[in-house]
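None of the figures in this text is laboratory data; all of them are computed from the coordinates on show. Here the structure is a predicted model, which means the values were calculated and not measured. Counting neighbours? That spans all protein chains shown, and the Cβs are built from the backbone with ideal geometry, glycine included.
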Amino acid sequence: MTVVIMQFAPAAFERENAAAYCGLSLSTFEKGVREKTIPQARQLSSKRVGWLRVELDAWLLSRPSSEMLPPANTGAKKPRMQLEHSTQ
């Protein structure tokens, strides 16, 4: 018998994951949703809403290009400082 392992991205995200997927803080994401500058949630079931990945992707691709450099706290690895050793 062959075992098939399927890996896929979710089609819809909860609020916190939608914000993270877009690279936004939760408060910035919620503000964009309130102001209708970010796609609105979809009713997934009677008690559940979610943001569709394809709509978030389309919104992200519609954002203008930026000449800004990323902030200094992007989490990128920083070069280690070399300690000077005394040879005496």
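Evaluated over the Cα positions of region 12-61, the convex hull gives a direction-averaged projected area, one quarter of its surface, of 3.1 nm².
One chain, two ends: residue 16 and residue 69. Fully extended at 0.36 nm per residue, the span grows by 16.5 nm beyond their Cα-Cα distance. Taking label points 7 Å from Cα along the Cα-to-Cβ direction, residue 1 and residue 30 give a separation of 4.7 nm. In terms of other Cβ atoms within 10 Å, 53, 63 run from fewest to most in the order 63, 53.
Taking amide H atoms as placed 1.01 Å from N in the peptide plane, the amide H of residue 44 lies under 5 Å from those of 49, 50, each 5 or more residues away in sequence or on another chain.
Sparsely packed loop sites in region 1-61 (the chymotrypsin sites (Phe, Trp or Tyr not before Pro) outside DSSP H, G, I, E and B with at most 14 other Cβ atoms within 10 Å) comprise 8. Amide hydrogen proximity for residue 12: with H placed 1.01 Å from N in the peptide plane, the residues at 5 or more positions away or on another chain lying under 5 Å are 53. The magnitude of the dipole of region 12-61, with charges of +1 and -1 set on the Cβ of Lys/Arg and Asp/Glu and taken from the Cα centre, is near 200 debye.
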